[in-house]
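Worksheet: the structure to be examined is printed underneath.
Since every read-out is calculated from the coordinates, none of them should be taken as a lab result. Everything quoted here is computed from the prediction, not taken from an experiment. Virtual Cβ from ideal backbone geometry, glycine too; neighbours counted across all protein chains shown.
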């Protein structure tokens, strides 16, 4: 039975909305559950501080929830907006849903790590509860950065008029953009959370090291975000570059492959960089005299782990501009 374009646009909107909220619910739920589990452990160790720990848990869970709220916004827009009857709206709606849904996973899980560590730390060091809360807020907020990148890409896709662009290979570029930013946000959210978790642990063990621990945490988290920036760059190129019309299958497949290459290729490096940052922050709290040595070693190790993300970026750019 034949269907008109408007029917397929509606199908894409419903599918995109389902993927946005379906994938988007994964990370936040895991992060919030991890925070609650750590809060239970903390209260069992220090029941007198149950009120402060409970408040910290709720604040941490609220931050972890924010990525899924982004996904909810995109899902609602996809479900209740009437979109133009143009064939390119189909990949636009699917790409927007994939971008935000996948992009919320890492941020939700990652934000749960420092929140849980802060709750545990309060039970150990009630005197630094305020500093732990501040550090948790900063670390968890950085974890949301890649989800915001994914949200930006989803908005750009939804509010850009692609109707004057050739259907092929533009459809592949649009889908590739959503895939790149969506997958690319996963690793950065997780990696940033690992570094922030070590920071909260370190402050609770050695409160006097709070300043260097926080500084190195921010430096380590900044490096974890770079692969998400690579993915965002590839998404922007795919969305805003003009591609000539073609009837061949290879050009659109190259653009779709570019999004897949950069998006998936960004996951591992960001998590690896997060492990390096986590270890450095953890040991700086135990051995403050060697902050410079540990920071230098962290940056060198992160640079090596980062290299595979650069390889993915190079191949993605070759697929876009050369193939």
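Order of 165, 154, 50 from fewest to most other C-beta atoms within 10 Å? Show your work: numbers first, answer last.
Details: 165 18, 154 31, 50 14.
Sorted ascending by nearby Cβ count, the order is 50, 165, 154.
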Nearest 10 degrees, 0 to 90: helix 129-143 Cα axis against the chain principal axis: 20
Largest-first principal axis extents of the Cα set of the stretch 145-273 (Å): 64, 26, 14
Kirkwood Rh in Å, taken over the stretch 77-164 so that all alpha-carbon pairs contribute: 15.3
Highest average packing first - 292-301, 14-23, Cβ atoms within 10 Å: 14-23, 292-301
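Restricting to DSSP H runs of at least four residues, report the calculated mean residue ellipticity at 222 nm for the chain, -39500 (n - 2.57) per run over all residues, nearest 500 deg cm²/dmol. Before the final figure, lay out the partial values.
On the way: 11 runs with 274 residues, N = 323.
Value at 222 nm, helices only, nearest 500: -30000 deg cm²/dmol.
Among 119, 143, which comes first, then next, by fewest other beta-carbon atoms within 10 Å? Could the numbers behind the result be given before it?
On the way: 119 32, 143 36.
By the 10 Å Cβ count, ascending: 119, 143.
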The stretch 5-321 - Rg over Rh from alpha carbon coordinates, Kirkwood radius: 1.06
Degrees separating the helix 50-80 axis from the principal Cα axis of the chain, which is the longest one: 0
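For a distance above 16 Å, tell me the whole-number percent of Cα pairs in the stretch 151-191 that qualify.
42
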Taking 283, 171, 8 and counting other C-beta atoms within 10 Å, the order from fewest to most: 8, 283, 171
Dimensionless Rg/Rh of the stretch 255-323 - Kirkwood Rh, Rg from C-alpha atoms: 1.20
Ordering of 128-139, 194-205 by burial proxy (mean other Cβ atoms within 10 Å per residue, highest first): 194-205, 128-139
Rounded tilt (10° steps) of 89-124 against the dominant C-alpha axis of the chain: 0
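Taking only the C-alpha atoms, wrap a convex hull around the stretch 31-82 and report its volume per residue in Å³ as a whole number. Don't skip to the answer; put the middle values down first.
Numbers: hull volume 3.0 nm³, N = 52.
Per-residue hull volume (Cα only) is 57 Å³.
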